[in-house]
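The structure appears right after this line, and notes come after that.
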Amino acid sequence: MLDLIVVRAIFVVILSASAYAMEPLQSRPISAAGGLILGLCIIFFEIRLEQVSLKRLIGAAFGSVLGIFGAFLMSLVIAKTPAPAFLQVSLLLLMTYIGLIVGAKKGEMLNLAALGGIFGGEKSSKKTFKILDTSVIIDGRIADIAETGFLDGVLVIPQFVLRELQLVADSADSMKRNRGRRGLDILQRIQKMAHLNVQIVEEDFPQVREVDMKLIELAKVFDCKVITNDFNLNKVAQLHGVEVLNINELANSLKPIVLPGETMRVFILKEGKEYNQGVAYLDDGTMVVVDNAKKMISKTIDISVTSVLQTTAGKMIFGKFDDRMHAAAAGAERHERPVRKSDPQPMTNLGTEKTTIES
């Protein structure tokens, strides 16, 4: 990246020096300034050109050629009329511009893979950018997902997200400080993954104050998706037409499917909000509300699923605990357990043996 900046700087300097020496504008200072502006415009055009796909470039070039050819044919007709030369130049620029814009837009319809050769890999090599939000970096699950290989393309980390992480890591609040440092550790972990391409971009939007809106504007510029677990950012991005990959939605979709009538074994952790309810949690964090289980707190029991509720925060399972079924299962377990020599003898046998000895 540094080498490219040096090459661009040398190009601008040489162009300015050449304009200063040749004086195309009849004044050396004005010519040097014109050369400098021209060089900067060329560099800006080159930077924007790097972000354009090969399909758009081919379409734009083909459209420009057709526009110039159409302008040439029309100029042959206009030349036979007393039209000013300015009209011919304007017609040439207009046709070229229209051909360039229309060709670039229609270029996305090209199927370069069918041409083979150097064009065959355009579809597979096209980069897919995904912008990481501050909340999803601190959450940490993005690193586990990346390790499984489900993320491809380029992970983009904006500079303003790094600044926000640094502010959180330097916070006076110990809880916020630990969260910020955890986020920085997650970024280092992601950068060390060989199969991922992580890029830190400097693009910023000074006129936008909120980080969430900056993420949305950056996603519009790169025409890419935002990875987050922020519910509000998810809704605002959808309103702006930006695609979002929500980690929480992914986690909810991977939770096991439970149908009413099935039997589950859960550990009752605490009392529920309603009368005689108990609350349990599955390994994935799903809440299970159990009726008639208040007295079974701190015990593992079998319940019957009655219903499943899907909410924006996740999935909730409702079940019912049956005392009679639990008592019957416990009695059957005691009945089937074999008697070992180490088991204590019943009190009735001890009393019978004592009576026999005395007699």
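Pairs to check: 192/220; 130/315; 55/192; 294/320. Give those whose C-alpha atoms are more than 23 Å from each other in this structure.
Among 192/220; 130/315; 55/192; 294/320, the Cα-Cα distance tops 23 Å for 192/220; 130/315; 55/192.
Quick one: if the Förster radius is 41 Å, what FRET efficiency do residue 323 and residue 232 give, using the C-beta to C-beta distance and rounding to 0.05?
0.40
Which FRET efficiency value, to the nearest 0.05, is calculated for residue 185 and residue 148 with the Förster distance at 25 angstrom and r the Cβ-Cβ distance?
The calculated FRET efficiency here is 0.85.
Is segment 127-253 rounded, prolate or oblate when judged by the Cα gyration tensor, a ≥ b ≥ c being the square roots of its eigenvalues, rounded requiring a/c under 1.5 and prolate requiring a/b larger than b/c?
It is rounded, given that a/c, with a ≥ b ≥ c, falls under 1.5.
Can you tell me the length gained on complete extension of the stretch residue 162 to residue 176, counting 0.36 nm per residue apart and subtracting the Cα distance?
3.5 nm
Can you give the FRET efficiency for residue 76 and residue 17, using 1/(1 + (r/R0)^6), R0 = 41 Å, r = Cβ-Cβ distance, to the nearest 0.05?
0.50
Expected output is a single nm value to one decimal: the length gained when fully extending between residue 307 and residue 65, i.e. 0.36 nm times separation in residues minus the C-alpha distance. What is it?
Roughly 80.6 nm would be gained on extension.
Could you tell me the relative contact order of segment 12-51? Use alpha-carbon pairs under 8 Å, at least six residues apart, and round to a whole percent.
The value is 39 percent.
To the nearest Å, what is the center-to-center distance of segment 280-319 and segment 124-183, using C-alpha atoms only?
The distance from the Cα centre of segment 280-319 to that of segment 124-183 comes to 33 Å.
We did not get these values from a lab; they are worked out from the coordinates using the rules stated. Model, not experiment: these values are computed from the prediction. Glycine also receives a Cβ, built like all others from the backbone with ideal geometry; neighbour counts cover every protein chain displayed.
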